[in-house]
Structure formats: C-alpha cells, structure tokens
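Report on one structure; see the data block that follows.
The values are calculated or read from the model by the stated rules, or taken from the named source; none is laboratory data. The shown structure was predicted, so the numbers you read here are calculated from the model rather than taken from an experiment. Using ideal geometry, Cβ is built from the backbone for each residue, glycine included, and neighbour counts are taken over all protein chains shown. Side chains are part of the model used for accessible areas, which takes the heavy atoms of the whole protein and leaves out ligands, DNA and RNA. Shrake-Rupley method; radii C 1.70, N 1.55, O 1.52, S 1.80 Å.
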Amino acid sequence: MKGNEKLLTVLNELLADELTAISQYMVHSEMCDNWGYDKLHKAIEKQAMDEMHHAEWLIQRIIFLEGAPVVAKLNPIQIGKSVPDMIGKDQDAEQAAVRAYNAAIRLAHEVDVQASVDLLTNILKMEEGHVDWAEKQRAQVEQMGLENYLSNQAEGAAG
Ligand SMILES: [Fe+2]
Ligand SMILES: [Fe+2]
C-alpha cells in the first residue's frame, strides 16, 4: 500500500529519534551498571528495549507503506555525566518525542491514514510513560536527597 510521502518522511524522522534513544539509553544503562546502581540499570535498559520496539514498529509501517526505512541516521546523543544529569537529558529527549508524536498524529489525521494514527498513538502513550518515569525520579531526588535516592538504586536496596 503506497503511503503518503510527507508521512513517510516524518516516520523516518521518528525512526531516527528512536534509534538515537536506544543508543543513549544503552550507554546510560551500562554507566549505571558500572556504578552499581542495579535498579537504575534495569529500568533504563527496559526503556531502551521499549524504544527498540518503537523502532521495529516504525520500520514495519514504513515498509508496509512502500517506503525505505532509514536506519543509518542518528541524531546527536546526549550522555549525562551523573545520574541526575542523565535523567534530565533523557527527560528532554522524551518530551521532544511526545511533541514529535503529537505532530505526526496530526499529520496522519490530515492525510487520512487512521492505521498510522493508531500506531503513533500507542507509541505516544509509552513516551508519556517515559516522561512520567523521569519526573518521578526527579521528584524522589528532590524529596529524599540525591544520596538517599542513589542508595535505593544499589543492588539489594529495599523498595
Ligand atoms: Fe520511543
Ligand atoms: Fe521513550
């Protein structure tokens, strides 16, 4: 099924965002592992896997619409130097993703491709969940202090 060219371009832009997020989160996840913050390592690794699913779904959709998925393009990757820095940079990326998916959904409505609207909406909900996760971490750091927050993230910590 031949897709709308403008929509295919936007789907490829979203794909580049997702591939960038996978790399950023894999690095952050492994940095947390190296510091011994096991819970953060696992939580960020799970996010990297969510982004991998998004990339997979976008690739499927682009191929279905007879476009060519561009997988060689990454945007600048923002690596944090500390845990709060990482979470802040990841939150910025997720907020940008929420804006980009909302814009893509508007376009898919305009060009009347309801199936793309549904796919993009499913991904958007997951991105909102990622923003929410980052907000929760920042709230916890603010409320309990960075040292307490980090000691909860180490292996064997309660909670
Ligand atoms: Fe994503
Ligand atoms: Fe995300």
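Numerical summary
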{"item": "Which listed residue is within 16 Å of ligand 1 (Cβ to nearest atom) and open to solvent by less than 90 Å² (accessible area, probe 1.4 Å), from 65, 107, 150, 120", "result": "120"}
{"item": "Members of segment 127-147 found to be more than 14 Å from ligand 1 (Cβ to nearest atom) and surrounded by 18 or more Cβ atoms within 10 Å (Cβ to Cβ), listed by number", "result": "137"}
{"item": "Yes/no for residue 26 being under 17 Å from the mean Cα position of the chain (by Cα), under 19 Å from residue 134 (Cα atoms), part of a helix (DSSP H, G or I) and hydrophobic (A, V, I, L, M, F, W, C)", "result": "yes"}
{"item": "Filter result (among the charged types (D, E, K, R) and in contact (Cβ under 8 Å) with a residue 24 or more places away in the chain) within segment 59-87", "result": "61, 66, 73"}
{"item": "Number of the exception - residue 21 against (1) out of contact with any Asp or Glu (no Cβ under 6 Å at 6 or more places or on another chain); (2) at pLDDT 95 or above", "result": "(1)"}
{"item": "Residue 90 being surrounded by 12 or more Cβ atoms within 10 Å (Cβ to Cβ), under 17 Å from residue 31 (Cβ atoms) and either in contact with a strand residue (DSSP E or B) (Cβ under 7 Å, 6 or more places away or on another chain) or touching a residue at least 60 places away in the same chain (Cβ under 8 Å) (or both)", "result": "yes"}
{"item": "Residue in segment 135-148 that is within 16 Å of ligand 2 (Cβ to nearest atom) and over 21 Å from residue 87 (Cβ atoms) present", "result": "no"}
{"item": "Lone unmet requirement of (1) touching a Phe, Trp or Tyr at 6+ places or on another chain (Cβ under 8 Å); (2) in a helix (DSSP H, G or I) for residue 33", "result": "(1)"}
